[in-house]
Amino acid sequence: LAKTTQPISMDSYEGQEVNITCSHNNIATNDYITWYQQFPSQGPRFIIQGYKTKVTNEVASLFIPADRKSSTLSLPRVSLSDTAVYYCLVGGSGNTPLVFGKGTRLSVIA
Amino acid sequence: DTGVSQNPRHKITKRGQNVTFRCDPISEHNRLYWYRQTLGQGPEFLTYFQNEAQLEKSRLLSDRFSAERPKGSFSTLEIQRTEQGDSAMYLCASSSNPDRGRETQYFGPGTRLLVL
């Protein structure tokens, strides 16, 4: 199973851009990289997914270098409501289940 | 709201009792997952259904745990002879993408279990 490593926690002020980097050195060729967001007492919510280069949606951007051994989730101009735990996941191909790590706890400060 | 629903949202039980949780996935989703999450940890995979077939079970799923998905629609997760260590949030997720490598799982709100 592909393992991911990401910072345990990050702090940011409102209005700043936040970048959370995830390492996944043993990512498989067919694996995609997916990020989820989780608020307290709620289930995780899909944010963004990518395979290579850059993906952008209305919520975030995902940057993936050519070797795909890491990825960076970028949240532009965070607000207090972005305070949550962010999970980076890789895999799911070959019928292996996705593995959630401990995630990164982002705290946005006014 | 056509998202994933779970019932009950909260359950308090005494050690040794049996409990059953229900998950109603998004209607057109053929895959259904159960996870368990404890405080400060990410969700841990328990089991997975493709339609009505249970295809994978984690080693975390002891003999006291059983899951069903009759007719490939809703699913139930039963825990027999509950133990205090079973206290956790139980999450259900569903998806439909045929390529598991790039599927998006949609999670329900979870059922929080407290075993006294």
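All of the numbers you see were taken from the coordinates with simple rules; none came from a lab. Just so it is clear, the model here is predicted, and its values are computed rather than measured. Note that each Cβ is placed from the backbone with ideal geometry, even for glycine, and that neighbours are counted across all protein chains shown.
Extending each Cα 7 Å along its Cβ direction at residue A:25 and residue B:58, get the distance between those two points in nm, one decimal.
The two pseudo-label positions are separated by 2.5 nm.
Between segment A:1-36 and segment B:1-33, how far is it from one alpha carbon centroid to the other, in angstrom?
When both Cα centres are located, 29 Å separates them.
I want to check the label-to-label distance for residue B:38 and residue B:68. Put each point 7 Å from Cα in the C-beta direction and report it in nm to one decimal.
It works out to 2.9 nm between the two label points.
For an R0 of 30 angstrom, estimate the FRET efficiency from the Cβ-Cβ distance between residue A:109 and residue B:51 and round to the nearest 0.05.
Working from the Cβ atoms, E equals 0.05.
Under unit Cβ charges (Lys, Arg +1; Asp, Glu -1), what dipole magnitude, rounded to 20 debye, does the protein assembly as shown have relative to its Cα centre?
Computed charge dipole of the protein assembly as shown: roughly 460 debye.
Note the direction-averaged projected area, equal to a quarter of the hull surface, for the Cα convex hull of chain B, in nm².
Answer in nm², one decimal: 7.1.
Taking beta carbons within 10 Å but only from partner chains, what does the mean come to for residues A:38-44?
That average works out to 6.
Rank these for me by crowding, B:31, B:15, A:105, going from fewest to most other beta carbons within 10 Å.
The most exposed by this proxy come first: B:15, A:105, B:31.
Quick check: residue separation of residue B:12 and residue B:97 times 0.36 nm, minus the Cα distance between them. What number comes out in nm?
In short, 27.1 nm is gained.
Spelling out what I want: for every residue of segment A:7-23, take phi, set θ = phi - 60°, compute 6.51 cos²θ - 1.76 cosθ + 1.60 (Karplus), and round to whole Hz; glycine and proline get x.
Values per residue, Gly and Pro as x: x, 5, 8, 8, 10, 8, 8, 4, x, 8, 8, 10, 10, 10, 9, 10, 9 Hz.
In the protein assembly as shown, with Lys and Arg counted as +1 and Asp and Glu as -1 at Cβ, which of these residues, B:6, A:19, A:60, has the Cα nearest the positive end of the dipole, that is, farthest along it?
Highest projection toward the positive end goes to B:6.
If I take R0 = 30 Å and measure r between the Cβ atoms of residue B:104 and residue B:20 in this structure, what FRET efficiency does the formula 1/(1 + (r/R0)^6) give, to the nearest 0.05?
Step by step, r from the Cβ atoms, then E = 0.60.
Using a 7 Å offset from the Cα along the Cα-to-Cβ direction at both residue A:69 and residue A:56, what is the distance between the two label points in nm, to one decimal?
2.8 nm
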